Amino acid sequence: MRKYIMLSLFLAIVSISCKNNESKNDESSNSQSSFNEDEEEITIIAREKLKGIQYKMMNSKAWLTINEKNESALQIVMDVNRTDKKNLAKMDSIIIPSKLEGKREDFLPFPLQVEALKRVDKILFFSYPTQTFAAYKNGTLVYTGPTNMGREKDPTPTGLFFTNWKAEETTSTFNDEWELKWNFNIENKLGVGFHQYELPGYPASHSCLRLQEKDARYLYDWANQWVLVDDENIKSKGTPVVVFGEYPFRGKKPWLQLLTNPASFEISEDEISQLVQPKIETIIKEQNKSKLVAQNNK
């Protein structure tokens, strides 16, 4: 009888343990499937850029005399020349589009949608050769603008990164007289991040990714920070950031191609898809981890 009771207790414990494990697995499965269900419901609305844009060179002072107070046109021309208002006025000649009634994304090279990014909640791209950036939400371009990245002596590292910590204002590690606004770090050990700073119209930074102030402020609010366990351990990473391509430091500015063949300077959807393909598993893994951390912190 005693052996029978002990055996019954053992079987009961095993049964409860299995049910608990099944329950945990079900919870994990349900949590994971809830992410997948959300992803399956996403529909990317196809959009097209403004067509028929041609480009020409003009004297900057002559153009600014007529258009300086036209904020929308000024923004587009700054974007096309990868610069800011202060440095645009310093240039002798600038590239001017034949049409100025479109949106910023019509004049910058990133595609308006990328089907391969459908499952990615948020992701940032920085293109070295075009000196532009793009923010996507579930495959749809939501924001884009110019950047000036690392100079030849101090290049910006390329690859997959994640946003870490941010600060409304901080001091450069290269020069304590340089104040950086809306700084968002992407490589903590090297001190690389994106932030507001002047854009002379070519890669000029000490490896960081310079932005116009309005763009730096937007990304500062849009991207997610990491979540830390303590000072040395990361619980979940922030928004993925892909920095890619090479800049021809010894050649002409690549966007001068716009003058002869505007379509040749576009970044295709296939290029972004191929670029992200070997990184997508890591991106989704970190994204799901961040979601679980956010759920547990509620």
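The values are calculated or read from the model by the stated rules, or taken from the named source; none is laboratory data. Here the structure is a predicted model, which means the values were calculated and not measured. As a convention, Cβ positions derive from the backbone with ideal geometry for all residues, glycine included, and neighbour counts pool all protein chains shown.
The table below lists the values:
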read-out	value
Residues (over 20 Å from Ile45 (Cα atoms) and basic (Lys, Arg)) located in the stretch 87-136	Lys90, Lys99
Failed condition for Asn296, given (1) in contact with a Phe, Trp or Tyr (Cβ under 8 Å, 6 or more places away or on another chain); (2) without any contact (Cβ under 8 Å) to a residue 24 or more places away in the chain	(1)
Inter-residue pairs, beta-carbon under 7 Å, first on the phi > 0 side of the Ramachandran plot and in the stretch 65-87, second in a loop (DSSP other than H, G, I, E, B) and of a type outside the set (Gly, Ala, Ser), 6+ apart	Arg82/Gln131; Arg82/Leu199
Index of the failed condition, Thr170 passing every other in (1) over 18 Å from the mean Cα position of the chain (by Cα); (2) not in a strand (DSSP E or B)	(2)
Residue satisfying condition, being acidic (Asp, Glu), over 21 Å from Asp215 (Cα atoms) and free of Cβ contacts under 8 Å to residues at least 60 places away in the same chain, within set Asp106, Asp92	Asp92
From the options Glu213, Glu266, residue that is under 27 Å from Met78 (Cα atoms) and more than 17 Å from the chain's Cα centre (by Cα)	Glu266
Test: residue in the stretch 250-269 that is in contact with a Leu (Cβ under 7 Å, 6 or more places away or on another chain) and crowded, with 17+ Cβ neighbours inside 10 Å	yes
Output for the stretch 23-61, where each listed residue is touching a helix residue (DSSP H, G or I) at 6+ places or on another chain (Cβ under 8 Å) and modelled with pLDDT of 90 or more	Ile44, Lys49, Leu50, Ile53, Gln54, Tyr55, Lys56, Met57, Ser60
Odd one out for Tyr247, checked against (1) under 19 Å from Pro157 (Cα atoms); (2) surrounded by fewer than 17 Cβ atoms within 10 Å (Cβ to Cβ); (3) not hydrophobic (A, V, I, L, M, F, W, C)	(2)
Long-range neighbours under 7 Å by Cβ, at least six apart or interchain, first residue more than 13 Å from Met149 (Cα to Cα) and free of Cβ contacts under 8 Å to residues at least 60 places away in the same chain within the stretch 234-247, second aliphatic (A, V, I, L, M) and not in a strand (DSSP E or B)	Lys235/Val229; Lys235/Val293; Ser236/Val293
Top-ranked residue of the stretch 146-166 - restricted to ones that are assigned to a strand (DSSP E or B) and either of a type in the set (D, E, K, R) or on the phi < 0 side of the Ramachandran plot (or both), ranked as surrounded by the fewest Cβ atoms within 10 Å (Cβ to Cβ)	Leu160
Within the stretch 102-137, tally of residues that are over 11 Å from the mean Cα position of the chain (by Cα), more than 19 Å from Ser264 (Cα to Cα) and surrounded by fewer than 20 Cβ atoms within 10 Å (Cβ to Cβ)	6
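Rundown of residues vs (1) surrounded by 13 or more Cβ atoms within 10 Å (Cβ to Cβ); (2) basic (Lys, Arg); (3) under 22 Å from Thr144 (Cβ atoms), yes/no style:
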position: Ala62; (1), (2), (3): no, no, no
position: Glu71; (1), (2), (3): no, no, yes
position: Asp79; (1), (2), (3): yes, no, yes
position: Thr83; (1), (2), (3): yes, no, yes
position: Lys86; (1), (2), (3): no, yes, yes
